[in-house]
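S.K.: Encoded as structure tokens, here's the structure I'll be asking about.
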Amino acid sequence: MVTKTHHKLLGIKEIKPSENGRRVPLSLFEDYHEPYVVDKFSNKLLTDERTNKAYCDNVVTSSRYNVYTFFPKQLYFQFSKIANCYFMVVSILQMIPGLSTTGSYTTIIPLLIFMAISMAREGYDDYRRHLQDKEENNKLTTLMTPSTCVNQNHLYGNDKIRRSYNSASELQSNADDIDSVLGSNSSDGLSDSDSSENIFLDLDKLNKAGIVEKTTEWKNIRVGQIVKLKEDDWVPADMVLLASNSDSGDVYVETMALDGETNLKCKSPATELSKICSSSEGLKNIDATIITEDPNIDLYNFEGFAEIRTSEGKNSYALDNNNVIYRGSIIRNTECIIGLVVFTGEETKIRMNAVKNPRAKAPKLQKVINHIVIFMVCVVILLAAFCTMGEKLYYKKLKYTAWYIREQDAGLAATLMGFIIIFNTLIPLALYVTMEIIKVMQVLLLQWDIDMYHKPSNTPAEARTATILEELGQVSYVFSDKTGTLTDNLMLFRKFSVAGVSWLHDVDILMNQSNEIISTGNGKAKYTGRPSMASLSLEDKSRENNISELLDKPSISISNSGKSDSERVSDSSPIKPQEIKSSRELIGYIQRNPQTIFSKKVKFFLLSLALCHSCLPKKAKKNVEEDNRDSEEGSADDEIDYQSASQDELALVVAARDMGYVVYDLNKDMLTIKTYPNGFDASPVKEVYQILDIIEFSSSRKRMSIVLKFPDNRICLFCKGADNVILERLKNADMAKEKIRELSKQTNERKNAEADAILQRKSMEQQAMRASISSIGSIQLRNRPSLQLKRPSLQINGRPSLQINGKTSFHSNNNKTSLQLGSRPNSFDNYLRNGEEQADEVENIAENSKRSLHLQQAKKYGIMTANNNGSLNSIESYIPPDRLVLNEEYVMERTLEHIEDFSTEGLRTLAYSFKWLDKDEYEDWTRKYKEAKMALVDRNKKIEETGELIETNFELLGATAIEDKLQVGVAETVEKLRRAGIKMWMLTGDKRETAINIGYSCSLIKDYSTVVVLSNDDGVDSLSEKMTAVSLEIDAGSVAHSVVVIDGATLTDIESDMTLMTLFVELGIKADSVVCCRASPSQKANMVLSVRKKNKEKVTLAIGDGANDIAMIQSADIGIGITGKEGLQAARSSDYSIAQFRYLLKLLLVHGRYNYIRTSKFVMCTFYKELLFYLTQVLYQRQDAFTGSSLYESWSLSMFNTLFTSLPVICIGMFEKDLRASTLLAFPELYIIGRKSECLNLGVFIYWMSIAASQSVIVSFLCWYLYGFTALDDNTTYALCVLSFTSLVTIINTKCQVLEMKNRTKLNFAGWFTSVAGWMVWCLFLPALYGDKNSKIYYVRSGFYHHFGRDYTWWAALLIIMVVGILYDLVIQSIRKEIFPTMTDDFQILENDYEFRKNCEIEAFEQMKQGWTWPHESELLDADLENMSVKKRRFYKVKSFIKKGTTHQRKRTTTLPSSTELPAGTPSVVKKASANESNYKTEILPSGKMIRKRIKQNENDIITKKLRIKTKHEMITEDDDEDIEKIIRERVKGLEDVNGR
């Protein structure tokens, strides 16, 4: 019973497997042969033999709770907080009569209210998830259903349905047609007229057959129904394909949301099913059953078969993964398909891979708070026990002398419980609720951040939970998807090598049309009638002359502004621009010199791009307006849509199109290519090539080949594929192997040198950190420092460039270690800046290696020095002479070098080759190839073996490099996350080569990285040995940068062996990065869970954008969803959603760190004020014989936390910023404070509590000795109460609002004034609460007004106590910063320097430019001020004056000024500059902050100033009796001082 209840609450279902699989009848008219039930709407629902109930519906749920589980789960979650358990125990004790002195329900009622508030907020967050689930489940789709009867009613119904799809169709109501439909129900169900036609798109024929289309919501789809989908439709359930309207019957589906793969997958219906279901009569009369496997998580395998019953009997046909499409896929390049639903809802593959019972996430900080609460509970018990002992001692002493106690005692238990109840407020009851309030503001600040707003998609950052905000500042591991998260789902042809020369293809950059070239994720590209290069040259004749202006125009981008096309910066190596000529210059050279050997080789290479592919060109469909416009303009119908299952293929075809080789048409096996041999100005030439045979690409072959007949009847074989596969099939393969061996040797030497340099730097950094941490005491700034950051100038709106020149150091005296930026290798800041210097060093090693290689080539091949030195002034000097172009050894060596360079940049490389075939050779081979294709056994194997026969003795054509376009800022984000100490795992469903290439592109894998590839091909024993060896090398520190690569199949084997799994997880944690390819959604989730369980103290973060990432996102401590192109499924299931991966940088380094520090300081300040205040109560017990009497008046005591000390802890929890955001982004190393929990741990807690305890003792004794024992006018308890209360309120507010807050604003001072002044006002109005009644202990009515309030000694004592308490805290902080300075303390000092601030802002400009440059709401209102009414204008000016201190139009201080407004800090009154103003200059920082800097004067200026001749006016104003000799002596002394310098 308990187990059933547990499973019911968690939604766990234990279902036994079926005996013979799932049987789904294929019958349009629900004439089922299988068991079914009828629901309340009279619908037949097929039953699941495993449960004897109807198959589950198609509703999916990503929410965490339902009506039944919310309350039990939330109760468990709330009482997992130790403080709530503690207060529940205290409230129970309070309700026992006779124990409590503070009331019976003063704890239980607030506790229930606070818990209800927390539960309501969690319920609201989950309610939003339910709304998102509702949106998903209410999407519309189309069902193929039978009409109730084929008559006039049926026709009217059809009219309504048809118009929703084709408003131009007409209603056919001919009686003869109706009779023909009624009479068409033959037993065989097939009509000769339409049995072979895909006519299920023809609504008229469907209507005649009694089939109608019905629009319904996804949630209403059930197993056994037939669904009709159109192009770009999402698949609502797992379906077996029945038919498609494509000529070949193939269906292309996009599965990025399912498995993360970018390439479209080709699916096809079973041949026998397609023949029947492609006709209306066949679909109407089909009688079949689909038998499938039970629901499971395997995305890559499907087993089943179809039983088709005909008049001749029953036949069975096998079904596999190619015949099924899964929920989460999208139909692409196929106009229409129909399919039979076999799995729905939670039984679909994508939901089977999801986490069934997502946990309620609790922050790691809660565990620390629980430990603190347990500690404070022990303190309360100890204090209560101490006071109880004191009470017993005093009772024995005063039992007979104190007559008023009448020799009676309350008893040990009652006394102990009473003291526990009195001191229970040492643990604040409102701790968690106040934290919830604080987190609401933290969420709003996060969502309001304009820097994380994505303007193109109108998507801001969104928080779906506030529970784990502080964990954003504690992340140690990031698990990221690849497709759509790191990449932009866009393949671009970027580079190529031909005839030993490499070229950059940058047409998309020049035309700014990357979105036009390839529509992301749908396998399409469009040709608009003219090559892109033709557009560049013909749109404007003057464009060629002005192209440099186009490339060199100013840009806000800090990293790439002003770079020409030949200086493109690589994503994987952003330090050094690449000197390489563009394809635009190449085409220009070919058109000028068409007959050179080099030109002929290039043209043949470009022709191979246009011929060797599997793309399908189709004339683009146009609407009526476009057709009319084209006819008016007289343009040819040249718009072509390219369709392909692979985006790589599209990129290659588009590149050929850009360079003038247009794939124009494909008619059966005749491929038409349109070229521009005489230039783009001349008429194009069309050539027709006949496709003879195609040997398809496969994962095992890693290549594709095509045999074509040229227009001159020559037969040519083109082959493209992986470079290692092509090179071993060249006719000079031996020479290629030798060159590969030489290049590998040099590459290994270079990588070893780079790794040694990194290891040496790491060793130096560790020594520097130990030296700096142990010896840094104070930082004495003598000069204005500057931080040397290697960034180009920043030009915005005509402002002067912000240049950073020179290196300035921080020096300190007294033999203390100096903080020096730039020169000393063992400095603290040099450790922080090691990233750029390290990159410089690695780049220098790579450059020297390449220079050495080029020198060897120059000597070997007699290359001119100009060429060797890389002179790129002219295209002629860039291209080698004909003798080198014909030298196969030279071309091979250079091509291999280029392939290595392309791979290092993370580009996807392909090698191209060709060979000519004679007719006899081809005919002999094609006969064998046809036999292999017709084989019934091992067909694929025989096809590959036959292909091998002809794929030999190739000649090398060249190599291509395709860029899997990264999102903006991904490489920089990954690098800064690494500097922050965050290790990144990339989990993707893509293949290994693609994942590794992206790893290089995004800097996850370095050029010097040790890449460890784990594969089950080597055997289990080999895996264990390899992982152990690598782990030992990492522990020994002999690996500079390690990356582990593993595929899904190997991971499956490792997961089945716990020993191997433990080794792998330990290795992954030690490694710098991990790449897991071909991983299923469940494997992604398991990886996250394994790391989270291994390092329970570390925070894991998962980020993805597709439905296949949901399980991973829900398994991690923090789930981030990308609202990208794979849909919103991941974002809806995430904790936080952002639009781009680059926003993760500010989310973690800024908001995460701020939230962690805010929450930590809030917790510390809360316990600090409680201990500080209530410890005075404990100390006071000695003065009242431990009777339990309170020092403080009851009303004031009850308002202490609510009115007088709530604002300071709330303000510090909401608005604290210990460092500027630009500093945090410029120095990611500062993130370590959260990763290592440096703000909230046992040491920090003891430090704070020690200060609170010592201050409490100081305040208590000062109150007693300065006033309590010596008071003459009023020595009552109330005077002492107000004195102590006022001192404590002032000290607490000053510490929290002033001393602990770095980001002090007017809100802090307003909060300080409100709390302190509010207490004084409370004292004035408190007597009114008592009225005529008077307290027996506290003389409230008359004490303040008539006694101690008029006593000067009381006010003097108050002033002394407040000053001493605050000074004590200041002295402690100063000593701590002097002896134990933190990294934050040092950077707070550095931030006071304007040069440091400027350079930090330049470094962080890309992440913060939107907030600095975009207009603010107040600016828009200022601009519209004249259009406001007089009343609104006055109100706005008053509000503006309160907010900005002036009614003048002025920019806010954190943004750049526009051309129509005054900069931030501009005075309202203009004053004439004095003579001293000439010594200052004004500069505007990137953030818009205006600063004034003193100009350094050289010696000549000083001499001129000393010897300057006074004007007549100056001489008149001087005293006539001025001593001339004295003036001369002073000037001579000044000159001596100058010379002494």
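The values are calculated or read from the model by the stated rules, or taken from the named source; none is laboratory data. Since we're looking at a predicted model, the values are computed, not measured. Backbone-built Cβ (ideal geometry, glycine too); neighbour counts: all protein chains shown. Just so you know, the surface numbers come from the protein's heavy atoms only, side chains and all, with ligands and any DNA or RNA stripped out. Shrake-Rupley method; radii C 1.70, N 1.55, O 1.52, S 1.80 Å.
S.K.: For labels at LEU692 and PHE1309 in the simple 7 Å Cα→Cβ model, what's the distance in nm?
M.R.: Computed distance between label sites LEU692 and PHE1309 equals 8.9 nm.
S.K.: HIS1347: accessible area at probe 1.4 Å, nearest 10 Å²?
M.R.: The value for HIS1347 is about 70 Å².
S.K.: Once you have the alpha carbon radius of gyration of the range 915-1070, what is it after dividing by 2.2 N^0.38 Å, with N set to its residue count?
M.R.: Working it through for the range 915-1070, the quotient is 1.47.
S.K.: Give me the percent relative contact order of the range 1058-1198, please, defined on Cα pairs under 8 angstrom at least 6 residues apart.
M.R.: The value is 12 percent.
S.K.: Any idea what the alpha-carbon Rg over 2.2 N^0.38 Å comes to for the range 1042-1128?
M.R.: Normalised Rg, Cα atoms only: 1.08.
S.K.: Return one whole number: the accessible area per residue of the range 852-1011 in Å², for a 1.4 Å probe.
M.R.: On the way: 6870 Å² over 160 residues.
Heavy-atom SASA per residue in the range 852-1011 reads 43 Å².
S.K.: For the range 270-337, what does the relative contact order come out to in percent, with C-alpha contacts under 8 Å and a separation of six or more?
M.R.: 24
S.K.: Subtract the Cα-Cα distance of ILE108 and LYS40 from 0.36 nm times their separation in residues, and report this length gain in nm to one decimal.
M.R.: The ILE108-LYS40 span can extend by a further 19.7 nm.
S.K.: Let me ask something additional. Give me the percent of the accessible area of the range 984-1037 that comes from carbon and sulfur atoms, probe 1.4 Å, all protein chains in place.
M.R.: 48
S.K.: Something else: Under the rule of at least 5 residues apart or a separate chain, name every residue whose amide H is placed under 5 Å from the amide H of LYS1302.
M.R.: LYS1217
S.K.: Continuing with this model, one more query. Classify the range 269-416 as rounded, prolate or oblate from the Cα gyration tensor: take a ≥ b ≥ c as the square roots of its eigenvalues, call it rounded if a/c is under 1.5, otherwise prolate when a/b beats b/c and oblate if not.
M.R.: Here the range 269-416 falls in the prolate category.
S.K.: Take the solvent-accessible surface of the protein heavy atoms, probe 1.4 Å, and return the percent of it on the range 673-719 that carbon and sulfur atoms account for.
M.R.: Details: 1010 of 2100 Å².
Ligands and nucleic acids excluded, carbon and sulfur reach 48 percent.
S.K.: Whole Å is fine, so just give me how far the alpha carbon centre of the range 470-492 lies from that of the range 700-738.
M.R.: Centre-to-centre distance over Cα atoms comes out at 38 Å.
S.K.: Please work out whether the range 1258-1375 counts as rounded, prolate or oblate from its C-alpha gyration tensor, where a ≥ b ≥ c are the square roots of the eigenvalues and a/c under 1.5 means rounded, while otherwise a/b larger than b/c means prolate and anything else oblate?
M.R.: On the way: a/c = 2.96, a/b = 1.50, b/c = 1.97.
Oblate.
S.K.: What whole number of Å gives the distance from the Cα centroid of the range 210-251 to the Cα centroid of the range 888-911?
M.R.: Using only Cα atoms, the two centres lie 46 Å from each other.
S.K.: Looking only at Cα atoms, what is the convex hull volume of the range 875-981 per residue, in Å³?
M.R.: Spelled out: Cα convex hull of the range 875-981, divided by residues, is 214 Å³.
S.K.: Can I ask one more? List residues of the range 706-740, by number, whose backbone nitrogen lies under 16 Å from a label position 7 Å along Cα→C-beta of ASN667.
M.R.: 711
S.K.: Take the Cβ-Cβ distance between GLU1055 and VAL1011 as r, set R0 to 22 Å, and report the resulting FRET efficiency rounded to the nearest 0.05.
M.R.: It comes to 0.50.
S.K.: Can I ask one more? Quote the relative contact order of the range 266-421 in percent (integer), defining contacts as alpha-carbon pairs under 8 Å separated by 6+ residues.
M.R.: RCO, the range 266-421: 16 percent.
S.K.: Can you compute the modelled spin-label distance between LEU1324 and LYS1481, with each label point 7 Å from Cα toward Cβ, in nm?
M.R.: Distance between the two pseudo-spin positions: 5.5 nm.
S.K.: For a test of the definition: using alpha carbon positions, the gyration tensor, and the 1.5 limit on a/c, classify the range 981-1104 as rounded, prolate or oblate. Can you show the working numbers first?
M.R.: Values: a/c = 1.10, a/b = 1.02, b/c = 1.08.
Rounded is the answer for the range 981-1104, as its axis ratio a/c remains below 1.5.
S.K.: Under a 5 Å amide H to amide H cut-off, with H placed in plane at 1.01 Å, what residues pair with THR487 once short-range neighbours are removed?
M.R.: The list, which skips near neighbours in sequence, is GLN967.
S.K.: Two decimals is fine: what's Rg over Rh for the range 411-468, C-alpha atoms, Kirkwood radius as Rh?
M.R.: 1.44
S.K.: More than 22 angstrom separation, counting every C-alpha pair in the range 239-336; what % is that?
M.R.: In whole percent, the long-distance tail amounts to 32.
S.K.: Under the 0.36 nm per residue contour assumption, what length would be gained going from the current alpha-carbon distance of GLU217 and VAL1020 to full extension?
M.R.: Length gained between GLU217 and VAL1020: 284.2 nm.
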